[in-house]
Amino acid sequence: MSIFHVFKAVCKRANLPVLSPHALRHTHAVHLLEAGANIKYVSERLGHASVKVTADTYLHITKKIEDDALALYEQYVEI
């Protein structure tokens with residue numbers, strides 16, 4: 001039995017949507033980046049060969065990342 005089949009069974013028993021383990025990995029990486037984690041840390045945590053792989057795959061602009069960046073810029077220009 002594959003990991004996906006076991007994971008699917010666990011999701012069904014817990015009455016959760018069935019996602020792939022890879023979807024959880026992606027969500028975890030995006031949440032870390034949205035929380036402000038250093039991209040080098042996220043890259044190493046995911047086992048990527050380079051930060052570029054992580055950035056190209058996971059650092060798409062989410063609403064939270066955009067809002068946080070704009071808030072930082074607003075703080076910067078108010079000084």
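Some observations on this one:
- Selection status of Tyr41, at negative phi and modelled with pLDDT under 95: no
- Filter result (closer than 14 Å to Glu34 by Cα and either of a type in the set (S, T, N, Q) or open to solvent by 70 Å² or more (accessible area, probe 1.4 Å) (or both)) within the stretch 58-79: Leu59, His60, Ile61, Thr62, Lys63, Lys64, Glu66, Leu70, Leu72
- Count of the stretch 1-30 residues which are over 11 Å from the mean Cα position of the chain (by Cα), of a type in the set (Val, Ile, Thr) and surrounded by 12 or more Cβ atoms within 10 Å (Cβ to Cβ): 1
- Boolean, Leu33 is within 14 Å of the chain's Cα centre (by Cα), surrounded by 14 or more Cβ atoms within 10 Å (Cβ to Cβ) and not hydroxyl-bearing (Ser, Thr, Tyr): yes
- Some residue of the stretch 48-60 being touching a helix residue (DSSP H, G or I) at 6+ places or on another chain (Cβ under 8 Å) and of a type in the set (D, E, K, R): no
- Scanning the stretch 40-54 for residues that are free of Cβ contacts under 8 Å to residues at least 12 places away in the same chain and either among the aliphatic types (A, V, I, L, M) or assigned to a loop (DSSP other than H, G, I, E, B) (or both) returns Gly47, His48, Ala49, Ser50, Val53.
The values are calculated or read from the model by the stated rules, or taken from the named source; none is laboratory data. Here the structure is a predicted model, which means the values were calculated and not measured. For neighbour counting, all protein chains shown are included, and Cβ atoms are generated from backbone atoms with ideal geometry for every residue, glycine included. With ligands, DNA and RNA removed, areas are computed over all heavy atoms of the protein, side chains included. Shrake-Rupley method; radii C 1.70, N 1.55, O 1.52, S 1.80 Å.
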